[in-house]
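Just so it is clear, none of the values below were taken in a lab; they were calculated from the coordinates. For clarity, every value in this text was computed on a predicted model and none was experimentally measured. We place every Cβ from the backbone using ideal geometry, glycine too, and count neighbours over all the protein chains shown.
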Amino acid sequence: MQTNQYLSKILDELSQAAGRISDIEAEAFVQHIMEANRIYAAGAGRSGLMMRAFAMRLMHLGIETYVVGETVTPGLAAGDMLIIGSGSGETKSLLSMAQKAHSLHATIASVTIFPESSIGKLSRLTVSLPGAPKDQSQQEAVTIQPMGSLYEQTLFLFLDAVILRLMDIRGLDSQAMYHRHANLE
């Protein structure tokens with residue numbers, strides 16, 4: 001297969017994945033973001049990169065947002081929302097964060113392949129995304145992509161769709177967000 005053929009196949013997989021995301025879960029996710037005092041984003045590895053990109057866009061919207069683990073991230077409190085992106089829902093460091101957030105009475109949301117995972121069970125709300133676990137040796141292949149790529153790409157695109165939904169609700173466009181864009185680069 002040629003490179004562009006792989007690209008077409010990836011886009012087909014993403015299109016199919018988008019059609020399998022629950023509107024009810026997505027709208028509940030948006031509503032909880034709008035109601036939270038502050039948003040904290042967390043993820044590990046490539047999922048963590050997607051969560052950092054989401055946190056940046058939330059900040060561009062004027063929503064007080066932090067990435068867990070950064071030196072300028074304040075303590076979490078009741079009324080805040082921790083959003084965890086984890087394909088497996090079992091990543092130990094993220095599970096520990098979820099347990100701590102739970103003890104602090106913060107809202108926990110997970111965006112995962114496995115809503116019945118340990119992190120999913122601690123979450124007040126879960127958005128289930130299609131994808132394949134990193135270790136695909138125990139199941140029939142659902143993607144031509146390696147490891148968790150389908151989940152990670154779907155996570156990124158879903159979170160960008162959430163940003164568009166929040167923009168619509170708040171009556172914002174890209175130009176209105178631009179004044180919060182970094183300017184020391």
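One table, with the values for the structure above:
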| item | result |
| --- | --- |
| Residue that is part of a loop (DSSP other than H, G, I, E, B), under 23 Å from V30 (Cβ atoms) and in contact with a helix residue (DSSP H, G or I) (Cβ under 7 Å, 6 or more places away or on another chain), where the choices are R165, R180 | R180 |
| Filtered residue count, segment 9-26, keeping only those that are of a type outside the set (S, T, N, Q) and either touching a residue at least 60 places away in the same chain (Cβ under 8 Å) or in contact with a Phe, Trp or Tyr (Cβ under 9 Å, 6 or more places away or on another chain) (or both) | 10 |
| Which listed residue is on the phi < 0 side of the Ramachandran plot and not in a strand (DSSP E or B), from A41, A28 | A28 |
| Of the criteria (1) out of contact with any helix residue (DSSP H, G or I) (no Cβ under 6 Å at 6 or more places or on another chain); (2) free of Cβ contacts under 8 Å to residues at least 40 places away in the same chain, which one T91 fails | (2) |
| Residues of segment 104-129 classified as in contact (Cβ under 8 Å) with a residue 60 or more places away in the chain and under 13 Å from the mean Cα position of the chain (by Cα), total | 7 |
| Single match in T73, T126, T143 (criterion: buried (at least 20 other Cβ atoms within 10 Å of the Cβ), in a loop (DSSP other than H, G, I, E, B) and not aromatic (F, W, Y)) | T143 |
| Number of positions in segment 162-185 that are loosely packed, with under 14 Cβ neighbours inside 10 Å and of a type in the set (A, V, I, L, M) | 4 |
| Those residues of segment 1-26 which are among the acidic types (D, E), under 14 Å from R165 (Cβ atoms) and either touching a Ser or Thr at 6+ places or on another chain (Cβ under 9 Å) or surrounded by 12 or more Cβ atoms within 10 Å (Cβ to Cβ) (or both), in sequence order | E25 |
| Check on A101, buried (at least 19 other Cβ atoms within 10 Å of the Cβ), in contact (Cβ under 8 Å) with a residue 24 or more places away in the chain, among the hydrophobic types (A, V, I, L, M, F, W, C) and farther than 30 Å from G171 by Cα | yes |
| Hits in segment 83-100 (condition: in a helix (DSSP H, G or I) and either over 16 Å from the mean Cα position of the chain (by Cα) or under 23 Å from L150 (Cβ atoms) (or both)) | K92, S93, L94, L95, S96, Q99, K100 |
